[in-house]
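The values are calculated or read from the model by the stated rules, or taken from the named source; none is laboratory data. Everything numeric in this text was worked out from a predicted model, so none of it was measured. Here the Cβ positions follow ideal geometry from the backbone for every residue, glycine too, while neighbour counts run over all protein chains shown.
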Amino acid sequence: MKKKGKAFSIVYITICFLFFYIPIVVTMFFSFNSSKSLTKFSGFSLKWYEELISSNSIMEAVYVSVTVAIFATIAATILGTLTAIGLSKNRKIIKDLVLNINNIPIMNPDIVTAIGLMILFSSIKMEKGYLTMLLAHIAFCTPYVITSVYPKVRNLDPNLANAAMDLGATPFQALTKVILPMLKEGIYAGILLSFTMSFDDFVISYFVTGNGVQNISIIVYNMTKRTNPTINALSTLVILVIIITLILVNTVPALVKRRSKRKMDKSLNN
Amino acid sequence: MRHFTKLARPYIIWAVAIIIIPLLLIVLYSVTTGGNDLVNIQFTLDNFKKIAEPIYLSVFTKSFRLGVITVVICLLLGYTLAYIISKFSEKAQNILILLVTIPMWINTLLRTYAWISLLSDNGIINTMLNKLGFDSVPMMYTDFAVIIGLVSDLLPFMVIPIHTSLCKIDNSLIEAAMDLGADRFHTFWKVTFKLSIPGVLNGIIMTFLLSISTFVIPKLLGGGQYMLIGNLIENQFISVGDWNFGSAISLLLAAVILIAISLMKRADREDTEEE
C-alpha cells in the first residue's frame, strides 16, 4: 500500500512537471533548428541566434527591458525601503491608510492599473515612451518592496536607532549603519521581486508605451502573429538568464553563510 | 526614531499621484462621455448600461465560466501536487517547490508562445497523433487551448499557498485523529483539508483574479476573435477608442475583484480567530 502510494506520487509529480516544462524545453530545442519549422528538427544550427543578434529591433527591446528593470528596481527599492521605515513610526491611521493604498496595485488586475496609468499620462499630455514605461514600472514595483520590507521593520527593536544616536551617530548614520543592515533580507526580497516583475511585465508596459518603444514582452507579442524561431532563440536566452539567477539566488546565500561560518570557526580556533 | 517619520512623505505624495489619481480618472471616464475635455464633459450612466447589452454580457459570462473552470482544474491538480510535495523530506520539498516556482519567473508571454508550437494544427501534438495513426485534432483557437494556457500559467499560484498551509499543520493533530479512530479519509477531510483552507482560499483568489483579467493568453491561444473581459477592455482602449466604455468595464472588473478579495480575507481572518 505504502509503496503504491509512493509510485503514484512520483508519477504524478513527473506529469505535473512535464506539463510545466515541456513547452519551455520544446521552445529551447527548436531554437537550434536549422529550418523554420517548429515541429520537424532538420539539423543543428545557430542561425536564429545570429538573426537575433543582428536584429536591431530585438536588441533594442532587450536594452529597454534590462534598463527599465534596473532603474525601476533601484528607484522602487530606495522609495519602498524609506517608506517602510518611515511608516512604522507614523500614527496608526496614516500607517493603515498608506498600507491599504499600497495594496491597491497589488490586488487590482494589471489591466486596470495599466489603463489607469495610460489615462493619467495622456491627461497630463505626457508623451508615451521610455519615461512613461519607467514611471509605470516604479509605480507597480514599489508596493512589492514595501510589503517585503515593512514586516522586517516592524520586528526591529524601536530603541535601536535611539541607542545609536545616543552613542553619537547622526540620524543618517543610524539609518545606514544600524537600521538598513537589519532589513537586509526584506530588501533583497524586494529587489528580486521588483526586478523580475519589471522584466516580466507585459500588460502595463503595453498600455503605457508609445513611439515605438518596446520591451521584450511587447516585441514577442507583436511577433507571434507568424512563426518565428528568432523568438525561440530569445526565449532560450531569457529563460537561461532567469534560471541561472534563481539558482544563484537560492544557493549563494547558503554558500556565503557556510563560508563565513567556516571563517568564524577558524578565527575562534586561532 | 521620530526623525524617520518624514521618510514616508515622498511615497504618500507619489501614491496619490500614481495610484489614487489614475483610479479617480477611471471613475471619471466611466461616468462621462466625450473625453476629458472639461468643456464638453457630460455625466451619464450609459457606459454602465451598455455593459448589460447581450454581446457584452456574454463576454462577462464567458470570462466567469472560464475563470471557474480554470480555478477548479488548478485546485484539483494543485492540491494533489501540494499534498504530495508536503510528504517529502524538507530538502526534497525545497527543490520541488523551487521547480514549481521557476516557471512563474519566466515571462508569461514566452510560455504562452511555447504552447502555440505544441497545440497548433501541424504542431507537435498533432504530428505525434498522425504518426500513431490518429487524425489531427484542431486545438488552437478553442476553449481547450485557452484553458490549457491558463492552467499552466496559474497552477503555481495554487500550489504555493496550499503547500505553505499544509506545511504549517502540526503532525501530531493528524496522529491524534488517527489514534482516535478516524480513517485516512476522515483524517484528511476533517483535519488536513480543514487546516489548509487558508491556503486554498488564497490560491482560489489568486488564480481567479488572474484568469478573469488576463488578455494575453486568450489572444494568443484563443485567436483574435476570442473575447474575455481583458480583451474587451484592450479593444475599447486600443482599437475602438471608446475610453469611457472601457473605463466602465475596468471599474466593474476592479470592483468585483476587490470585493471578492476583501470578503475572502475577512472569512480567512474569522477562520483563524475561531481557532
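Criterion applied to A:Ile101, A:Ile58 was being more than 10 Å from every other protein chain (Cβ to nearest Cβ) and of a type outside the set (Gly, Ala, Ser), and the one residue passing it is A:Ile58. Looking across the stretch A:5-27, the residues that are more than 7 Å from chain B (Cβ to nearest Cβ) and of a type outside the set (A, V, I, L, M, F, W, C) come down to A:Gly5, A:Lys6, A:Thr14, A:Tyr21.
Please indicate, with yes or no, whether at least one residue in the stretch A:47-65 is touching a strand residue (DSSP E or B) at 6+ places or on another chain (Cβ under 8 Å) and farther than 21 Å from A:Ile191 by Cβ.
yes
Assess whether B:Thr142 counts as being over 24 Å from A:Ile239 (Cβ atoms), modelled with pLDDT under 90 and under 21 Å from the mean Cα position of the chain (by Cα). Considered against the rule, which asks whether it is over 24 Å from A:Ile239 (Cβ atoms), modelled with pLDDT under 90 and under 21 Å from the mean Cα position of the chain (by Cα), B:Thr142 comes out as yes. Checked against the criterion of being farther than 16 Å from B:Ile257 by Cα, more than 7 Å from chain B (Cβ to nearest Cβ) and in a helix (DSSP H, G or I), the candidates A:Ile85, A:Ile78 yield just one match: A:Ile78.
Pull up the stretch A:115-134, narrow it to residues that are touching a residue at least 12 places away in the same chain (Cβ under 8 Å) and at the interface with chain B (Cβ under 10 Å from one of its Cβ atoms), then point me to the one that is surrounded by the most Cβ atoms within 10 Å (Cβ to Cβ). In this case the residue turns out to be A:Ile115. Checking A:Glu60, A:Glu50 one by one, the residue that is over 21 Å from A:Tyr221 (Cβ atoms) and not hydroxyl-bearing (Ser, Thr, Tyr) is A:Glu50 and no other.
For A:Leu192, the criteria (1) surrounded by fewer than 22 Cβ atoms within 10 Å (Cβ to Cβ); (2) in contact with a Gly (Cβ under 6 Å, 6 or more places away or on another chain) hold in every case but one, which is (2). Restricting attention to the stretch A:200-246, the residues being buried (at least 24 other Cβ atoms within 10 Å of the Cβ) and within 13 Å of the chain's Cα centre (by Cα) number 1.
In this structure, B:Met227 does satisfy being assigned to a loop (DSSP other than H, G, I, E, B), under 24 Å from A:Met107 (Cα atoms) and at pLDDT below 90.
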